1. So which residues in the stretch 307-340 are of a type in the set (D, E, K, R) and under 20 Å from Ala93 (Cα atoms)?
2. Output the number of residues of the stretch 279-321 satisfying the condition of being aromatic (Phe, Trp, Tyr) and assigned to a loop (DSSP other than H, G, I, E, B).
3. Among the residues of the stretch 84-138, count how many are out of contact with any helix residue (DSSP H, G or I) (no Cβ under 7 Å at 6 or more places or on another chain) and on the phi > 0 side of the Ramachandran plot.
4. From the list Ser70, Ser88, which one is farther than 15 Å from Ser344 by Cα, without any contact (Cβ under 8 Å) to a residue 40 or more places away in the chain, surrounded by 13 or more Cβ atoms within 10 Å (Cβ to Cβ) and hydroxyl-bearing (Ser, Thr, Tyr)?
5. Given the conditions (1) modelled with pLDDT under 95; (2) surrounded by fewer than 18 Cβ atoms within 10 Å (Cβ to Cβ); (3) within 30 Å of Gly340 (Cα to Cα), report the number of the one that Ser113 does not fulfil.
6. Any idea how many residues of the stretch 336-365 are basic (Lys, Arg) and either assigned by TED's automatic domain parsing to the domain that holds Asn150 or surrounded by fewer than 16 Cβ atoms within 10 Å (Cβ to Cβ) (or both)?
7. Condition test on Phe333, is it closer than 30 Å to Pro287 by Cβ and surrounded by 14 or more Cβ atoms within 10 Å (Cβ to Cβ)?
Amino acid sequence: MASKILSPASTLSRPVRASLQCLRRQPIYPPTPVQHQPQRRSISAYGYEQAKALTFTDYGDPPSVLSLHSHSISPAHGNLMTLRFLASPINPADINQIQGVYPSKPRFTTSLSTASPIAVAGNEGVAEIIALGDKVKSEGFKRGDWVVMNGPGFGTWRTHASATTADVVKLEDSAREGITPIQAGTISINPCTAYRMLKDFVDLKEGDWFIQNGANSGVGRAAIQLGKQWGLKSINVIRARDDKAKEEQLKQDLLSIGADVVITDTELQSQGIRDQAKEWTSGGRSPILLALNCVNGKAATAMAKLLSSDAHFVTYGAMSKQPLTIPASMLIFKDVHFHGFWVSKWAEKHPEAKKSTVEDVLGLIKKGKFRDTPVEEIAWEWETKGEDLIGKVKDTLEGYREGKGVFVFGKT
């Protein structure tokens with residue numbers, strides 16, 4: 001039987017031979033310089049989501065202990081959902097929590113692919129559900145839903161997270177329609193605090209008065225606007241400024257959102273303040289039934305002295321880091337009731353009431369009856385460097401910001 005001897009070249013397939021011919025024919029050029037492309041977010045593999053978070057391993061000064069950590073999130077299944085954050089504010093409580101001086105503690109965990117436990121900073125924010133397990137679906141959640149955190153300690157300064165339904169409160173589609181991520185992301189702490197303090201301690205009627213310090217804070221501005229909607233009148237105390245032009249500008253700003261009276265803490269402690277308070281309240285015939293305190297110190301005591309008998313004094317902060325001194329005469333002769341309020345503890349006990357409170361405030365925003373707190377948007381993209389994000393936190397810590405700092409997440 002005849003046989004045919006094949007040359008080595010003839011054993012190659014036509015495509016391979018063509019490739020070799022092309023290689024032989026191509027002229028040699030100098031190597032092309034490498035073009036450095038901007039960092040891009042890694043594509044998820046096998047359903048794993050790539051995430052970044054501002055984390056800390058121990059308590060301390062935020063610029064010293066915070067770092068940007070990258071990790072993967074396992075595919076959502078069962079009772080788990082994957083969240084993509086849209087907006088997360090920087091609140092004073094967040095700073096205190098990192099410092100280790102806040103009552104609620106963060107969740108230190110090794111679930112973020114670390115050998116030692118770490119915690120994610122931040123307590124407030126709004127996120128979008130991008131994946132969810134079957135059990136989550138059965139509880140009425142779906143992809144695209146917006147959720148806010150149910151309580152403190154979850155960690156919101158991050159691009160993505162894995163969560164359960166117990167961790168979040170869902171915003172119904174009707175409630176979030178026409179609402180921006182910043183509005184939704186800053187609604188669950190300050191406005192809720194103001195709302196509940198005005199509602200839960202005294203049955204205030206239209207025309208009744210309340211007084212508050214820290215009036216230019218997020219809670220203070222919310223209390224002014226909510227009170228105005230409900231027909232309440234307010235005396236608002238702000239910190240005196242060396243720059244009197246800025247002080248007057250701040251007074252006018254608060255008056256423009258519904259404040260009836262705005263004074264400084266220096267004016268509050270001056271002689272004749274009781275006579276002035278009588279003039280504001282129809283000769284004293286309209287009692288001041290509620291005080292909201294976030295400062296403490298002598299100014300808070302001066303505020304309490306303007307209250308009517310059987311009034312209620314609610315403390316929700318201690319910005320001056322001074323004690324609250326209560327004269328015995330207020331307890332014995334005026335029967336003023338002193339309370340503390342922490343919205344996080346309230347929300348744990350009343351999750352449905354928190355949901356309705358949030359949605360009620362969102363409804364006022366959509367109607368143009370509630371103005372957002374001034375904010376400074378801090379862009380967080382996948383390429384954003386950790387030192388830039390931490391620098392923004394430091395700015396808040398040192399007071400270099402006119403409005404509340406809010407991380408706004410872009411292409412993450």
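1. Step one: of the stretch 307-340, the residues of a type in the set (D, E, K, R) are 310, 321, 334-335.
Selection gives Lys321 alone.
2. Initially, the stretch 279-321 is screened for residues aromatic (Phe, Trp, Tyr), giving 280, 313, 316.
Among the residues that remain, those that are also assigned to a loop (DSSP other than H, G, I, E, B) are: 316.
The number of residues fulfilling the criteria is 1.
3. Residues in the stretch 84-138 being out of contact with any helix residue (DSSP H, G or I) (no Cβ under 7 Å at 6 or more places or on another chain) and on the phi > 0 side of the Ramachandran plot: 2 in total.
4. Among Ser70, Ser88, only Ser70 is farther than 15 Å from Ser344 by Cα, without any contact (Cβ under 8 Å) to a residue 40 or more places away in the chain, surrounded by 13 or more Cβ atoms within 10 Å (Cβ to Cβ) and hydroxyl-bearing (Ser, Thr, Tyr).
5. (3)
6. 2
7. For Phe333, the condition - closer than 30 Å to Pro287 by Cβ and surrounded by 14 or more Cβ atoms within 10 Å (Cβ to Cβ) - is not met.
Yes or no, residue by residue, for (1) at pLDDT below 95; (2) among the hydroxyl-bearing types (Ser, Thr, Tyr):
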residue: Trp280; (1), (2): no, no
residue: Ile288; (1), (2): no, no
residue: Ala300; (1), (2): no, no
residue: Met303; (1), (2): no, no
residue: Phe313; (1), (2): no, no
residue: Gly317; (1), (2): yes, no
residue: Lys321; (1), (2): yes, no
residue: Ser329; (1), (2): yes, yes
residue: Phe338; (1), (2): no, no
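The values are calculated or read from the model by the stated rules, or taken from the named source; none is laboratory data. Source: prediction; values computed, not measured. Neighbour counts run over all protein chains shown; Cβ positions are idealised from the backbone, glycine included.
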